[in-house]
1. Since Cys22 meets every condition but one in (1) surrounded by 14 or more Cβ atoms within 10 Å (Cβ to Cβ); (2) farther than 30 Å from Cys160 by Cα, which condition does it not meet?
2. Taking the stretch 226-240 only, how many residues are under 13 Å from Gly284 (Cβ atoms) and in contact (Cβ under 8 Å) with a residue 24 or more places away in the chain?
3. For the stretch 108-211, give me every one of the strands (runs of 3 or more DSSP E) that falls completely inside it and has 1 or more residues that are among the β-branched types (Val, Ile, Thr).
4. Among the residues of the stretch 273-287, is any touching a Leu at 6+ places or on another chain (Cβ under 6 Å), of a type in the set (Ser, Thr, Tyr) and buried (at least 18 other Cβ atoms within 10 Å of the Cβ)?
5. I need the full set of residues from the stretch 31-45 which are surrounded by fewer than 18 Cβ atoms within 10 Å (Cβ to Cβ) and either in contact with a helix residue (DSSP H, G or I) (Cβ under 9 Å, 6 or more places away or on another chain) or more than 17 Å from Gly63 (Cβ to Cβ) (or both), in order please.
6. Name the pairs: first residue in the stretch 189-201 and among the hydroxyl-bearing types (Ser, Thr, Tyr), second residue open to solvent by 50 Å² or more (accessible area, probe 1.4 Å), Cβ to Cβ under 7 Å, at least 6 apart or on different chains?
7. Test of understanding: among Ala90, Ala69, Ala48, which residue is small (Gly, Ala, Ser) and within 30 Å of Ala155 (Cα to Cα)?
Amino acid sequence: VTADGEACDVVTLAVPALRGGCDQDESLSIEWLQAGVWEQVPPSHLSAGGAALRTGGSLALTGLDPYAALTFRLLAHNAGGTSAPSTPSAQLLTQSASELVAPPTVFAASSSSYILTWPVQSCRSALLWRVFMKREGEAHATVLSSAVSGGLYTATSARCPEGCAFGISPLPESLDGWHEAAPVFSSYTATPSLPELAQGAARLELKFGRTFGDRDLLLVQQELVEQMASALSIATSQLLVLQMYGGGQYALLDLLPDDEHLADEIIEHLLQAASSAYGPLAAGSVSGEIDEVKQLHGDGKEEVLGTKLNKPPVRSGSLVLVLFSLGACLLVGYIVVGVLYGMCKGCLAARSADIGDVRLDAQLTQKKRRGQRAGKGKGRRGGETAEDEEVEALTACDVADPTIDVAPPLPPRRKAAAEVGLGGMDD
């Protein structure tokens, strides 16, 4: 079985010739494995109508998914029925699948890093890869990364003077139906050895929160030494940078003791300073980016002393701004509540005034009618005077009620007019 080397949606199968004899084959059929179930390959994927299944030869399957691994099997048919299925094929892909199981090319970039490269297929450029590393003399491999895209990977903190081998494998989640097998490893490649550690010194690996690939690494090293020496109150001669690698994101350095400072004391001071968001170490353009501190012991063992150290400081100006914003929000809230309270109070007062006017008018009308009925047995002048007295008494009572707007008393000229009218009638 072969695969077309260029097309991204074609697989070409080598179909065997039909068997002859008394129980000769009349035709063949082909099945593929879909979600764990064997199914007949749809005729739309068979080139030339699947003629090769009747004669043998090459059979091209078209319209396939380049991100799907395919497995096929054949069945023979004659007058007696259908044969048992053939042995399933290996996993097949459009384009060549041989590059998916080939080892990467390995280059030791420094005493602590490797660079791995491998071909990127044009039909599967978005494929994700798993990267393995195995030290010489060890039976088991270590997974360095489980989601590498493209054909380039840098293995950092990989000190391997005895030699290490590397392998790659497509991530099953990014290649439907792919059954991951043990990777094929490269030959063993050793990293350059680091110099011997001085007596009483300590060797550290610093990881920064960013890379410095856009700068001259020699200047970055010089700044690192000066900033650390100033922050730790030690001499610059006590800091020896061995190398920077990974685009300047990692630095190997030795801490050398003196008569006043032991290496362990310097390490303790360094961890305290790196854990603080303030101070001269955090203020440094390079030292302020320290995110992880690892100690390399002479026996090959490594110990992480501190991690996630690169924390942005909380600025006092930001705190003041937050408090100011909170105060402004409270002030606006008080103003809104006050305005709403004033509007509601005004509405209630106006409603009370309207109710008072209506009550006063009703009471005045009622008293006037009573006066008119009472005046029928008395003289009109005496009745009118009694009515006025009742109105004035009612008005005086209403003034004592603060919820009622009191109408002003009748003008004097109204009474004068009434008196004149009444007097004329008496005459």
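The values are calculated or read from the model by the stated rules, or taken from the named source; none is laboratory data. Source: prediction; values computed, not measured. Here the Cβ positions follow ideal geometry from the backbone for every residue, glycine too, while neighbour counts run over all protein chains shown. Calculation scope for accessible area: heavy atoms of the full protein, side chains included, ligands and nucleic acids excluded. Shrake-Rupley method; radii C 1.70, N 1.55, O 1.52, S 1.80 Å.
1. Of the numbered conditions (1) surrounded by 14 or more Cβ atoms within 10 Å (Cβ to Cβ); (2) farther than 30 Å from Cys160 by Cα, the odd one out for Cys22 is (1).
2. 5
3. Where strands (runs of 3 or more DSSP E) fall fully within the stretch 108-211 and carry at least 1 residues being among the β-branched types (Val, Ile, Thr), they are 113-117, 128-135, 142-149, 152-155, 164-170.
4. Taking every residue of the stretch 273-287 in turn, at least one turns out to be touching a Leu at 6+ places or on another chain (Cβ under 6 Å), of a type in the set (Ser, Thr, Tyr) and buried (at least 18 other Cβ atoms within 10 Å of the Cβ).
5. Result: Leu33, Ala35, Gly36, Val37, Trp38, Pro43.
6. Filtered contacts from the stretch 189-201: Thr191/Pro161; Ser193/Pro161.
7. Ala69
So that you can scan it fast, the table gives a plain yes or no per residue for (1) modelled with pLDDT of 90 or more; (2) surrounded by 18 or more Cβ atoms within 10 Å (Cβ to Cβ); (3) not assigned by the TED database to the domain that holds Glu292:
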{"residue": "Ser111", "(1), (2), (3)": "yes, yes, yes"}
{"residue": "Tyr114", "(1), (2), (3)": "yes, yes, yes"}
{"residue": "Ser125", "(1), (2), (3)": "no, no, yes"}
{"residue": "Leu152", "(1), (2), (3)": "yes, no, yes"}
{"residue": "Ala165", "(1), (2), (3)": "yes, yes, yes"}
